[in-house]
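Shown next, in structure tokens, is the structure this report addresses.
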Amino acid sequence: MSVRHVASTCIFLGLLPAVLVLLLLLQVGCTGPSAQTEHPTPAPSSQITVVSTTPSPSTPPVAAPSSTTVATPSPSPQEDFRTLLDKGIDLSLRNDYKAGLTYLLKAKQQQPDDPTLNFYLFITYKSLVTRHTNKSEAYRFAKRVVALSPGTSQAKKALDFIALVDTGVRADGSVPLDSVPGSVVVAPSTPISPGYRRAAMEALDGLRAMDSITTVGISYRDYPSRLQDCAIAVDRFLGSYPNEEIPGLTSIVKETMGMYQDAYSIWDIKFEGDGVEEFIEPSHPTLERVLRKYPALVRELRSRSYALTEYGYDNDTVMSLLWTLAGKNVAKIQSALR
């Protein structure tokens with residue numbers, strides 16, 4: 001190999017790295033800048049991180065609510081009172097005075113000044129005892145009725161009772177018919193039999209119940225069932241003892257029962273037509289029959305100018321007067337059986 005050839009070879013080998021670099025730069029220039037390297041998103045790890053539900057020491061544990069226990073609110077005192085009062089009234093009106101008194105006294109512990117409660121305590125004590133003084137419980141509650149319900153029919157009933165106990169004369173100055181010589185009911189000349197007294201007392205209890213419900217108020221719907229209960233006791237007495245052991249008692253018991261029945265007949269007239277009739281024509285057959293039957297009712301109606309209007313007699317007034325007359329008879333019967 002010649003010296004010249006060797007020299008050329010050496011020069012070529014010396015420039016080779018530079019040539020390679022130049023070729024590399026030319027390649028890069030032709031392809032442009034490389035895209036930004038994307039960092040791949042790491043795949044989610046298959047390992048599950050468990051978060052502890054154990055409360056930290058500083059957090060008090062909270063009990064999970066029960067899915068089966070439902071708290072029932074206890075009844076309010078007003079609800080308790082109403083339940084006791086209703087039970088006491090119902091039992092008393094059914095002549096179960098001792099049981100009724102138990103509920104009424106429990107109700108009194110909650111609302112001692114309730115007017116209705118005090119009226120029924122007065123009525124119940126009055127019915128439990130046949131002879132009263134100004135020291136009796138009936139007398140005491142009658143005083144409370146007057147104070148709590150002034151001007152009402154309940155107060156009038158209580159005032160009559162107070163006046164009878166104090167003076168033997170009602171608050172309006174009238175004298176009970178049974179205390180007048182020659183009245184319909186007179187004292188028996190011989191002792192009455194236990195059976196007669198028992199049956200008569202059952203009839204009286206029924207009539208007293210009617211007196212109570214017509215004093216405090218009763219609906220047209222409920223009146224017939226109460227009337228039937230009373231009629232059963234009265235019919236049993238009248239059927240079992242046709243011969244009077246107390247002169248006049250049978251007549252007044254019949255009359256009193258009839259007044260309550262005829263009051264219902266008057267009430268019925270209200271609903272004869274499509275609407276409610278507040279007045280009764282004087283020529284109405286039922287009213288004519290009732291007026292012929294009870295002269296005392298005629299006198300009472302005549303003494304009240306408002307009772308008869310251009311439309312006829314006020315239905316409610318006629319009923320109320322019949323109930324008032326029946327209540328007076330009940331007092332007579334009670335006095336006769338003492």
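The values are calculated or read from the model by the stated rules, or taken from the named source; none is laboratory data. Given the structure is predicted, the values throughout are model-derived calculations rather than measurements. Virtual Cβ from ideal backbone geometry, glycine too; neighbours counted across all protein chains shown.
Only one residue in Glu245, Glu300, Glu277 is touching a Lys or Arg at 6+ places or on another chain (Cβ under 9 Å), crowded, with 16+ Cβ neighbours inside 10 Å, of a type in the set (Asp, Glu) and free of Cβ contacts under 8 Å to residues at least 40 places away in the same chain. Which one?
Checking each option against the conditions leaves just Glu277.
Six or more apart or on different chains, Cβ under 9 Å: which pairs go from a residue in the stretch 87-113 that's within 17 Å of Glu137 (Cα to Cα) and free of Cβ contacts under 8 Å to residues at least 12 places away in the same chain to one that's in a helix (DSSP H, G or I) and of a type in the set (Val, Ile, Thr)? Could you list them?
Nothing qualifies.
Select from the stretch 129-164 the residues that are hydrophobic (A, V, I, L, M, F, W, C), modelled with pLDDT under 90 and surrounded by fewer than 18 Cβ atoms within 10 Å (Cβ to Cβ) and list them in ascending order.
Within the stretch 129-164, Val129, Ala163 meet the criteria.
Would you please name the residue that is surrounded by the fewest Cβ atoms within 10 Å (Cβ to Cβ), looking only at residues in the stretch 308-333 that are touching a helix residue (DSSP H, G or I) at 6+ places or on another chain (Cβ under 9 Å) and outside any helix (DSSP H, G or I)?
Per the stated criteria, the residue is Leu308.
Being within 25 Å of Leu164 (Cα to Cα), of a type in the set (S, T, N, Q) and free of Cβ contacts under 8 Å to residues at least 60 places away in the same chain is the filter here, so list the residues in the stretch 303-329 that pass it.
Ser303, Ser320, Thr324
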